[in-house]
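Before any comments, here is the structure.
The values are calculated or read from the model by the stated rules, or taken from the named source; none is laboratory data. These numbers come from a predicted model, not from an experiment. When we count neighbours, we look across all protein chains shown, and the Cβ atoms used for this are built from the backbone with ideal geometry, even at glycine. The protein model used for the area step is the full one, side chains on, heavy atoms only, and it has no ligands, DNA or RNA in it. Shrake-Rupley method; radii C 1.70, N 1.55, O 1.52, S 1.80 Å.
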Amino acid sequence: MVLQAIRYSRGQLEILDQLKLPHTEEYDHVYSSTDAWHAIKEMRTRGAPAIAMVAALSLAVELVNLKLSPIAEEVKVFIIEKLDYLVTSRPTAVNLADAARKLKTVTEEAAGRDGATGEAVREAYVKAAETMLIDDVSDNESIGGHGAEWIVNNTEAGKKGQVSMLTHCNTGSLATAGYGTALGVIRSLHGKGALKHAFCSETRPYNQGSRLTAFELVHDQIPATLITDSMAAALLRLKGSSENIAAIVVGADRVAANGDTANKIGTYSLAILAKHHGVKFLVAAPRTTIDLHTKSGEDIVIEERPGKEVTLVKGPRHDGVTLDLAVVETVSIAANGIGVWNPAFDVTPAELIDGIITEVGVVEKDDSGLFHLEEVFKKESSQAKPSTIGGI
Ligand code: MRU
């Protein structure tokens, strides 16, 4: 069974409720952009690419099921208002704003054509949103291929044989339209027999690693081990050589023009550990996550989420022997009255990043330590032909 966070057919959209994973697989219907806004805010759907696609497709479903005005301008205004509303759901991941910008352009062009009708504008929007879903999967497969090739050829561990990898948060089929970004690189290494073992960090406080990435790795029968976030340093020090750990690979929510990268809280710590222990630190992200309009990490807005996401955990009851899926409980794991700081993301500075893996190849820094990310927008998406941009 293929893991699908998003089930879409024209006029119908369902999302896998990721708050109930890994123990319960339940799909929620999304009938409108309002449904999508709440699903994104509550993190029933999450991951930068998936957020963008659920938002874009929710409006496509709304448009298909609505009795629309025949007037192109009215439909255009309706679409733009809804896209502006959807972008307010969560601030850090740029993919949603990038999709909204592109869909506005498609909508304005369709409405501007001679004899344009409301129906024509709807059709142009729906087609463009549907194409985004298809493109995301093929882009992720390219990212996986380029990343695996680069790791095998450009790391000491890769030259020794099968490699182990550490990843953070969830960047797989559950965070995208399919295959995944950083987890896609691990899937591609496994697919080509180059993977020894995958380590995934729990990723407190939302536990995307222990709940979602572990779920995908077990689902795909990829040899894997879960660690808490606090164990990463000891893992690199005590098992780095015996497990032949080649790199830490993570996803991204927004890559600034200079390469500074916003990703799940805890990513910055891992980048420092990678530098200290001499393993590569790689960011895997489609070009829809690269934001050339944001000059550096300082300009990235970091979402802060409610403290209860840190102090409470929710899950099915376990009596020490068996799991009782019928009883879901919320337990407090913190002292009452304590203050909580809960930034959902942090920024890893470009100098700690060895490569940015995109669907058109791996971007490395030039001799003066600078990324040239504008170059990736000059290239066509390419299947896994080894491609390094910038450094060579
Ligand atoms: O808060 P989340 O779960 O949406 O955060 C997700 C991440 O940080 C991912 O690493 C990122 O969005 C890339 S998903 C391919």
State all residues of the stretch 100-137 that are hydrophobic (A, V, I, L, M, F, W, C) and open to solvent by 50 Å² or more (accessible area, probe 1.4 Å); if no residue qualifies, say none. Ile134
Within the stretch 112-193, which helices (runs of 4 or more DSSP H) (wholly inside it) include 3 or more residues that are at pLDDT 95 or above and within 13 Å of the ligand (Cβ to nearest atom)? 118-154, 182-191
Subset of the stretch 1-36 (residues that are part of a helix (DSSP H, G or I) and either open to solvent by less than 20 Å² (accessible area, probe 1.4 Å) or modelled with pLDDT under 95 (or both)): Ser33, Ala36
Looking at (1) assigned to a loop (DSSP other than H, G, I, E, B); (2) among the basic types (Lys, Arg); (3) more than 24 Å from the chain's Cα centre (by Cα), which is the only condition Arg90 fails? (3)
Selection status of Lys192, charged (D, E, K, R) and touching a Pro at 6+ places or on another chain (Cβ under 9 Å): no
In the stretch 316-348, residues that are on the phi > 0 side of the Ramachandran plot and modelled with pLDDT under 95 total 1
Could you tell me whether any residue of the stretch 317-333 is within 16 Å of the ligand (Cβ to nearest atom), basic (Lys, Arg) and either closer than 19 Å to Arg46 by Cα or surrounded by fewer than 22 Cβ atoms within 10 Å (Cβ to Cβ) (or both)? no
Determine, yes or no, whether Gly307 is farther than 16 Å from Pro22 by Cβ, among the small types (Gly, Ala, Ser) and surrounded by 13 or more Cβ atoms within 10 Å (Cβ to Cβ). yes
State all residues of the stretch 252-276 that are β-branched (Val, Ile, Thr), open to solvent by 10 Å² or more (accessible area, probe 1.4 Å) and under 16 Å from the mean Cα position of the chain (by Cα); if no residue qualifies, say none. Ile265
Reported set for the stretch 39-75 where residues are open to solvent by 40 Å² or more (accessible area, probe 1.4 Å) and in a helix (DSSP H, G or I) is Lys41, Val64, Asn65, Glu73, Glu74
For the stretch 128-158, enumerate the residues that are of a type in the set (D, E, K, R) and over 23 Å from the mean Cα position of the chain (by Cα). Glu156
Quick one: in the stretch 194-223, which of the residues that are open to solvent by 30 Å² or more (accessible area, probe 1.4 Å) and among the charged types (D, E, K, R) is farthest from the ligand (Cβ to nearest atom)? Lys196
Can you find even one residue in the stretch 296-316 that is within 16 Å of the ligand (Cβ to nearest atom) and in contact with a Lys or Arg (Cβ under 7 Å, 6 or more places away or on another chain)? yes
Checked the stretch 76-96 for anything open to solvent by 40 Å² or more (accessible area, probe 1.4 Å) and either among the polar types (S, T, N, Q) or within 30 Å of Ser296 (Cα to Cα) (or both); matches are Glu81, Lys82, Asp84, Tyr85, Val87, Thr88, Pro91
Selected residue (criterion: nearest to Glu216 (Cα to Cα)) from residues of the stretch 1-33 that are among the polar types (S, T, N, Q) and touching a residue at least 24 places away in the same chain (Cβ under 8 Å): Gln4
